[in-house]
Amino acid sequence: MQIDQAIAGGAGVLHVDVMDGHFVPNLSMGPGIARSLRKYTDHPLDVHLMVTDPAYYADRFAEAGADSITFHVEAAGEPHKIMDRLRKLGLGVGITLRPGTEAKSLAPFVKDVDMVLVMTVEPGYGGQAFMEDMLPKIAELKDMLAPWQRLEVDGGINPATAELCARQGADVFVAGADVFGKDDIASAVKALLQGAQRGAAARGG
Ligand code: ZN
């Protein structure tokens, strides 16, 4: 299975994109898919909720076996309440923002999360080009985080863009087409991680 090849290549986390056809126009990945993945592997499962009502979906994905859930600050509901709910469910907590949303909108929440996710494309469609103008936002959010908190990037990530993001402090890299569109998935993951390592080295980390 492709997932085994990604894990063999060094993928640390399986990232599941959930779209509700409302917050973003596309529909994808219900809890059933997360449940199937959970049955298949013990590898960490991070669910990215591109949905209008994250509180509703959080319980369903927790029950399906998610380890962490990342939700959008632009979604409905009070972020602190959603974060409390995720903690009560025993999940890791991630918060994310659309490309058009400013980094400072996360300021009231960053100290209470495990991970911040910077969207480097408009959420909702695969295969888009990386938005280079998100690089300053990555740096800005890195400055707002403690060293133990993770900074993730999602959208248009390949070895070259992973390197650019790592230079700004990103340390978790979501890949879709760049990895799963390749014949040799394990090698594609390795190349991505090498790009990230080059960026981290250039940063001095
Ligand atoms: Zn995602």
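What follows draws every value from the coordinates through simple rules; no lab data is involved. All values reported here derive from a predicted model rather than from experimental measurement. With ideal geometry, Cβ positions are generated from the backbone for all residues, glycine too; neighbour counts draw on all protein chains shown.
With θ set to phi - 60° and the Karplus curve 6.51 cos²θ - 1.76 cosθ + 1.60, what are the ³J(HN,Hα) couplings of the stretch 95-111 in order, to the nearest whole Hz, using x for Gly and Pro?
Each residue's phi maps through the Karplus curve to give 10, 9, 8, 5, x, x, 9, 6, 3, 5, 5, 8, 3, x, 10, 4, 5 Hz.
Please give the peptides 88-97, 20-29 ranked by average Cβ packing (other Cβ atoms within 10 Å per residue), highest first, as a rough proxy for protection.
Highest-to-lowest ranking by the protection proxy: 88-97, 20-29.
What is the distance, in nm, between label points placed 7 Å from the Cα along the Cα-to-Cβ direction at Ser105 and at Tyr125?
2.0
Please give the charge dipole size of the stretch 2-200, origin at the Cα centre, charges +1 on K and R Cβ atoms and -1 on D and E Cβ atoms. Round to the nearest 20 debye.
320
Hey, in the GNM for the chain with a 10 angstrom Cα cutoff, which one of Ala188, Ala107, Ala11 fluctuates hardest?
Ala107
If you take every DSSP beta bridge fully contained in the stretch 70-196, what fraction is antiparallel? Give it as a percent rounded to 5.
0
Given just the C-alpha atoms of the chain, how large is their convex hull per residue in cubic angstrom? Intermediate results must be reported in sequence, preceding the final value.
Working: hull volume 22.3 nm³, N = 205.
Roughly 109 Å³ of hull volume per residue.
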